[in-house]
Amino acid sequence: MTATHEIPYTVRRSPRARRVRVNVHAHAGVEVVLPARAPERAAAAAVSELRPWIERRLREARETMAAVARRAGTLPYLDETLLLVPEAGRIRAHRRGGDLLVPDAQPAAAIERFYRRAARAEVAPRQDRACAEAGLSYSGLDIRGQRTRWASCSARGRMSFNWRLLLAPERVLDYVVWHEVCHLAVLDHSPRFWALVERHWPGYRADRAWLSRNGATLVI
């Protein structure tokens with residue numbers, strides 16, 4: 001851990017990085033990614049140059065952590081709130097009405113598996129309906145835990161969605177589904193693409209903005 005002007009940060013070298021990059025994570029703090037041959041001083045220079053932006057993002061990160069802490073034994077599930085109920089001897093998370101029964105020790109892995117299973121059940125019918133309405137088809141569906149993406153669509157029509165979307169409001173999940181279905185017709189983010197999204201999901205800008213503002217809170 002290094003510090004520059006009282007801002008602590010970690011350094012990670014990446015052979016794939018072409019430039020110095022600064023990331024601010026709600027849980028991990030400030031990370032500077034350096035290209036393999038970049039001098040170590042480049043990290044300190046980047047943190048110094050980006051100080052106002054970093055401080056703003058750190059404030060947002062603290063707000064994110066506070067929002068997560070306020071859940072107090074609950075988790076969002078689309079437009080619902082599930083109460084976490086620890087049970088001794090349980091190894092698999094199971095929903096019973098508004099309760100989510102979870103292992104009493106280290107429940108995070110079991111909870112993630114529950115949300116992954118539920119994500120497929122929630123996403124698949126939405127995707128099928130959207131494709132039918134748009135007159136498009138896809139080749140496959142994957143549920144993943146991507147670090148930097150909420151969803152993606154390959155050139156061959158294979159769709160991938162982040163299970164954490166189930167921690168967002170239902171309307172946001174519906175927007176992301178439509179976003180990816182529209183990529184079946186237009187792979188880029190050109191004006192033509194956004195016009196197609198707006199045709200199928202009017203008001204998408206509000207859902208996109210919600211995800212941008214609150215995406216860091218979508219954690220268990």
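The values are calculated or read from the model by the stated rules, or taken from the named source; none is laboratory data. In this text the structure is predicted, and so the values were computed from the model without any measurement. No Cβ is skipped: glycine too gets one built from the backbone with ideal geometry, and neighbour counts run over all protein chains shown. The area values use the complete protein model at the heavy-atom level, side chains included, leaving out ligands, DNA and RNA. Shrake-Rupley method; radii C 1.70, N 1.55, O 1.52, S 1.80 Å.
For the reader, a short list of remarks on this structure follows.
- One residue alone among Glu87, Glu80 is modelled with pLDDT of 95 or more, acidic (Asp, Glu) and in contact with a strand residue (DSSP E or B) (Cβ under 7 Å, 6 or more places away or on another chain), and that residue is Glu87.
- Among the candidates Ala168, Ala130, the residue that is open to solvent by less than 20 Å² (accessible area, probe 1.4 Å) and in contact with a helix residue (DSSP H, G or I) (Cβ under 6 Å, 6 or more places away or on another chain) is uniquely Ala130.
- Val11 in contact (Cβ under 8 Å) with a residue 24 or more places away in the chain, under 24 Å from the mean Cα position of the chain (by Cα), over 30 Å from Glu170 (Cα atoms) and open to solvent by 40 Å² or more (accessible area, probe 1.4 Å): yes
- In the condition set (1) over 30 Å from Arg158 (Cα atoms); (2) part of a helix (DSSP H, G or I); (3) of a type outside the set (Ser, Thr, Tyr); (4) touching a His at 6+ places or on another chain (Cβ under 9 Å), Glu31 is compliant with all but (2).
- Residue match in the range 183-190 (condition: open to solvent by less than 30 Å² (accessible area, probe 1.4 Å) and not in a loop (DSSP other than H, G, I, E, B)): yes
- Residues of the range 51-90 that are open to solvent by less than 60 Å² (accessible area, probe 1.4 Å) and either part of a loop (DSSP other than H, G, I, E, B) or among the small types (Gly, Ala, Ser) (or both): Ala61, Ala66, Ala67, Arg71, Gly73, Leu78.
- Within the range 35-50, the presence of a residue that is touching a residue at least 24 places away in the same chain (Cβ under 8 Å), open to solvent by less than 80 Å² (accessible area, probe 1.4 Å) and within 22 Å of Tyr115 (Cβ to Cβ) is excluded.
- Summed over the range 151-173, the residues that are closer than 15 Å to Glu80 by Cα and not small (Gly, Ala, Ser) give a count of 9.
- Screening Ala119, Ala124, Ala134, Ala130 for residues that are touching an Asp or Glu at 6+ places or on another chain (Cβ under 9 Å), of a type in the set (A, V, I, L, M, F, W, C) and within 19 Å of Asp174 (Cβ to Cβ) leaves exactly one candidate, Ala130.
- Residue match in the range 194-206 (condition: touching a helix residue (DSSP H, G or I) at 6+ places or on another chain (Cβ under 7 Å), open to solvent by 50 Å² or more (accessible area, probe 1.4 Å), assigned to a helix (DSSP H, G or I) and farther than 27 Å from Arg70 by Cβ): yes
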